[in-house]
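All remarks here apply to the structure that follows.
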């Protein structure tokens, strides 16, 4: 693929429209991240008993032993940070894919540090930073795909 190819991710810039939409979504997402990250108690505390029942039922129906609360929590962290990587890409363009990943790591380190210092009911974790970072990387890659897919359509 040449650098002039319409499928080249480097030629998939963010548009004014993608930036406007991403700005509003980023503001809403930022509020959600702050609320979830700095809630005084674990955000899944209310759902814990229901989640335990679902896991028990899943195990009775053949779910593997590794499928449990820790797996669900880790996957939730990954999924929760996918939008961050995607939004950074929609704001900055595909050439800045690494900024989405970096933003995810920076925000996650900030949250985990805040939890460790100020929220005794919360548990700060390097595993959460890694899961959140993975989510942001996946979001960045998704952003590259979205912008690469949209670029040729915008040229028509």
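The values are calculated or read from the model by the stated rules, or taken from the named source; none is laboratory data. Note that the structure is a prediction, hence the values are computed from the model and not measured. All Cβ positions, even for glycine, are placed from backbone atoms using ideal geometry, and neighbour counts span all protein chains on display.
What residue, among those in the stretch 129-147 that are touching a helix residue (DSSP H, G or I) at 6+ places or on another chain (Cβ under 6 Å) and within 18 Å of residue 114 (Cβ to Cβ), is surrounded by the most Cβ atoms within 10 Å (Cβ to Cβ)? Walk me through how you get there before you give the answer.
Taking the stretch 129-147 as the starting set, the residues that turn out to be touching a helix residue (DSSP H, G or I) at 6+ places or on another chain (Cβ under 6 Å) are 129, 131-140, 142-144, 147.
Narrowing the set further to residues that are within 18 Å of residue 114 (Cβ to Cβ) leaves 129, 131-133, 136.
Values: 129: 20, 131: 22, 132: 27, 133: 24, 136: 30.
Checked the stretch 129-147; the qualifying residue surrounded by the most Cβ atoms within 10 Å (Cβ to Cβ) is 136.
When you look at residue 55, is it over 20 Å from residue 33 (Cβ atoms), touching a helix residue (DSSP H, G or I) at 6+ places or on another chain (Cβ under 8 Å) and free of Cβ contacts under 8 Å to residues at least 60 places away in the same chain, yes or no? First the steps, then the outcome.
Values: over 20 Å from residue 33 (Cβ atoms): yes; touching a helix residue (DSSP H, G or I) at 6+ places or on another chain (Cβ under 8 Å): yes; free of Cβ contacts under 8 Å to residues at least 60 places away in the same chain: yes.
Yes, satisfied.
Tell me, which residue of the stretch 1-54 that is assigned to a loop (DSSP other than H, G, I, E, B) and at pLDDT 85 or above is farthest from residue 131 (Cα to Cα)?
Looking at the filtered set, the residue picked out is 39.
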